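Values quoted throughout were computed directly from the atomic coordinates according to the rules given, and no laboratory measurement underlies them. Note that the structure is a prediction, hence the values are computed from the model and not measured. Here Cβ is always computed from backbone atoms with ideal geometry, including for glycine, and neighbour counts include all displayed protein chains.
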Amino acid sequence: MGAAAPAGAPIESPTIGEAWLQVAARILREGEPEHYDGLPILELAHVTLVVAEPSADDPLIARYGDPERLRWMRANFAAHDRVEALGGARSYASRLFDYAGSGRDQLAWVIDRLRADPASRSAAITTFEPLTDTTYIPCVSLLDFWVADGAVELVVYAHSIDFGAKGYGNLTELALLQHRVADALERPVGALRFNVKSAHIYDTERAEMTGIVAGQA
């Protein structure tokens, strides 16, 4: 198979729930058959989401999301335990708040940097730990915060996101991190911009997502 179909224009949505379902709809409509870790998927390449008002309290995710998957993602971003479902990889929480086991709190560093210089263009952090990430590579790898028009905006890069089972969980946790930084800086929350190289839905969840998208439409 060749390269995945390009995603086209950025997807702009007021909320993370609407962004999730708009991406899923576009994947179902325009995605190309591919494989990820040997499993069949529908895939779009180079998807960009722009969420104007990111909030973890999202009615669409509360309605259509799987509570157990949301709890799993919450633990990944909140607990420092190794993630058995990912081959014992370090959690996002440990990568963000104890980078490479060094005790470095990256989010605190972002807050301090933007507090000292609100015009900074380099308050960027990573979840990738290249000396130890040899089998599992974190999907979300770059979080870049800046103050735009007085509000805290977050720009994110991911090599791949599953917009069937996990995408809404990723968006929820990213919104929580963005609010955490904005609250610490006493600034409003700006847009969340999410750049995804491979946006996909596994074949095992295609029917479920087709039903959710159709019901929402």
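A few comments on the model shown:
- Between amide H atoms placed 1.01 Å from N, distances below 5 Å from SER91 occur with VAL83, all of them 5 or more places distant or on a separate chain.
- Couplings for the stretch 194-206, taken from phi via the Karplus curve 6.51 cos²θ - 1.76 cosθ + 1.60 with θ = phi - 60°, read 10, 9, 10, 5, 10, 9, 8, 10, 5, 4, 5, 10, 5 Hz in order; Gly and Pro are left as x.
- Close amide-amide hydrogen proximity is noted between ARG104 and TYR99, each under 5 Å apart and 5 or more residues distant or on a separate chain (H modeled in the peptide plane; Pro and chain starts excluded).
- This model, with +1 at the C-beta of Lys and Arg and -1 at the C-beta of Asp and Glu, gives the chain a dipole about its Cα centre of some 240 debye.
- Using just its DSSP H runs of length 4 or more, each adding -39500 (n - 2.57), the chain gives a mean residue ellipticity at 222 nm of -11500 deg cm²/dmol after division by all residues.
- In this structure the amide hydrogen of ILE41, modeled in the peptide plane, comes within under 5 Å of the amide hydrogens of GLU34, HIS35, TYR36, ASP203, none closer than 5 places in sequence on its chain.
- Count Lys and Arg as plus one, Asp and Glu as minus one, and take only other residues whose Cβ is under 13 Å from that of TYR92; the net charge is then 0.
- log₁₀ of I(q)/I(0) at q = 0.10, 0.12 Å⁻¹ - the stretch 48-199, Debye sum with one point per alpha carbon: -0.33, -0.49
- Using the average count of surrounding beta-carbon atoms within 10 Å as a protection proxy, the listed peptides 30-36, 53-59 rank, highest first, as 53-59, 30-36.
- Remark: the stretch 145-153, residue by residue, has Karplus-estimated 3J(HN,Hα) of 9, 7, 9, 10, 6, x, 10, 7, 9 Hz, where x stands for each Gly or Pro and the curve is 6.51 cos²θ - 1.76 cosθ + 1.60 at θ = phi - 60°.
- Around ALA123: net Lys/Arg minus Asp/Glu count, Cβ-Cβ under 11 Å: -1
- Counting only DSSP beta bridges with both residues in the chain, the antiparallel share comes to about 65 percent.
- Label-zone membership for the stretch 102-121, site LEU131, 7 angstrom Cα→C-beta point, backbone N under 20 Å: 102-107, 109
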